[in-house]
Amino acid sequence: MSLYFTTPTAWALTVWQLFNPRISWLIILYLLYIWYGPGKKAAASLSWPTYLRHWSIWKHLADYFPVRLIKTVELDPAKRYIFGLHPHGVLTISAWALFASEGTNFSRTFPGINLRVATLKWNFITPIARELMLLLGFVDADASTLRRVLSAPGRAVMLAIGGAEEALLARPGFNDLVLNKRKGFVKVVLQTGAALVPVYTFGENDVVTVVDTSKVGWARSFQRGLKSITGFTLPFVYGRGLFGMPVGMLPHRVPLTAVVGAPIQVPKFTGDLKSEEGLKLIEEYHARYVEGLKAIWNEHKNKCAPNRRRSLEIVQ
Ligand SMILES: *[C@@H]1O[C@H](CO)[C@@H](O)[C@H](O)[C@H]1NC(C)=O
């Protein structure tokens, strides 16, 4: 969803230029490179150089809102971590400005922590956007990739746990999460003996206005039709315009504050996760993670979300 605008645009441009006889051969070569080249493998490992993490554009992005990073405790670089990011929001600005890049000096704030942001595998076949993600060190979110990333001390991987479903719940003032039915990340920490780190970004749901389509017949039909064909749906969103125009495609300038909570150390479990003991451990650490996330919310909500319309709510 962070690629809400770029994915359709990238594909539309690619398909359009495929019919341009002067460069269609180039486009075909590029598509072959995407499919057969090393990128997909790089997305499942740490083998790609992350040159773009230090790009100054991320500092400008962080300054635009502005975005702030709050550390509540030190993280020991001898350990390994899964960072859970909430809420997903429509654009997941905090993932780009704070965690996939050095927009707010992540590596100086958490020395020795090599953090990678994980995203859906299919993002790595999207033209152009994939090159950006690869050069920022994104990895795919398959469980096997997460385990591989976490195989050495100091490594960390971040997941927007609520995913696209949570993106559909994003609207200004609301803090609705999809978390109860998400258990995969707890299984990976149990298998690797890593620690869980809850992260809450206040303001993430405020950066774009989501149009309520429940009373707009044609819009609803379009979203339903798209969902029945592709399996996903798109919220209609808008932000502010250039030169102070009230409506446009730029995100609203609202302060974002990402609070990185205290790590919850999980014991390595080598048994069967489907056994009674395994299932109990999954429930136990999932509950402790939810507790940690709610603790962040309760401690910072008055300062960081004074205009909230509803408190944090885990709706699914
Ligand atoms: C990041 O580090 C640079 C150089 O020390 C500093 O000027 C800048 O203010 C820092 N940014 C943040 C958001 O802390």
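Odds and ends about this structure:
- Any pair with Cβ under 6 angstrom, 6 or more apart, that starts in segment 98-110 at a residue that is over 17 Å from Val73 (Cα atoms) and ends at one that is more than 10 Å from the ligand (Cβ to nearest atom) and assigned to a loop (DSSP other than H, G, I, E, B): Ala100/Leu136
Let's see how each residue does on (1) part of a loop (DSSP other than H, G, I, E, B); (2) open to solvent by less than 20 Å² (accessible area, probe 1.4 Å):
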site: Ala262; (1), (2): yes, no
site: Leu281; (1), (2): no, no
site: Leu293; (1), (2): no, yes
site: Trp297; (1), (2): no, yes
site: Lys303; (1), (2): no, no
site: Pro306; (1), (2): yes, no
site: Arg310; (1), (2): yes, no
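- Helices (runs of 4 or more DSSP H) wholly inside segment 11-65 containing at least 1 residues that are farther than 28 Å from Phe106 by Cβ and of a type outside the set (Phe, Trp, Tyr): 24-36
- Looking only at residues in segment 95-117 that are assigned to a loop (DSSP other than H, G, I, E, B) and of a type outside the set (Ser, Thr, Tyr), the one that is nearest to the ligand (Cβ to nearest atom) is Asn105.
- Of all residues in segment 62-94, those satisfying the criterion of being at pLDDT below 95 and away from the ligand (no atom under 16 Å from the Cβ) are His88, Gly89, Val90, Leu91, Thr92.
- Residue that is farthest from the ligand (Cβ to nearest atom) [pool: residues in segment 34-61 that are out of contact with any helix residue (DSSP H, G or I) (no Cβ under 8 Å at 6 or more places or on another chain) and within 17 Å of Lys121 (Cβ to Cβ)]: Tyr36
- Residues in segment 1-33 that are buried (at least 17 other Cβ atoms within 10 Å of the Cβ) and among the hydrophobic types (A, V, I, L, M, F, W, C): Met1, Leu3, Ile27.
- All conditions in (1) closer than 27 Å to Thr92 by Cα; (2) without any contact (Cβ under 8 Å) to a residue 24 or more places away in the chain hold for Tyr36, with the sole exception of (1).
Condition check ((1) over 19 Å from Asn114 (Cβ atoms); (2) among the basic types (Lys, Arg); (3) in contact (Cβ under 8 Å) with a residue 60 or more places away in the chain) across all residues:
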residue	(1), (2), (3)
Val149	no, no, yes
Arg171	yes, yes, no
Lys183	yes, yes, yes
Gln191	yes, no, yes
Gly225	yes, no, no
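- Within segment 118-133, restricting attention to residues that are over 14 Å from the mean Cα position of the chain (by Cα) and among the aliphatic types (A, V, I, L, M), the residue that is farthest from the ligand (Cβ to nearest atom) is Ile125.
- Breaking point among (1) in contact with a Pro (Cβ under 8 Å, 6 or more places away or on another chain); (2) open to solvent by less than 40 Å² (accessible area, probe 1.4 Å), for Leu168: (2)
The values are calculated or read from the model by the stated rules, or taken from the named source; none is laboratory data. Quantities reported herein were computed from a predicted structural model and do not represent experimental measurements. Positions of Cβ are backbone-derived with ideal geometry, glycine not excepted, and every protein chain shown enters the neighbour counts. With ligands, DNA and RNA removed, areas are computed over all heavy atoms of the protein, side chains included. Shrake-Rupley method; radii C 1.70, N 1.55, O 1.52, S 1.80 Å.
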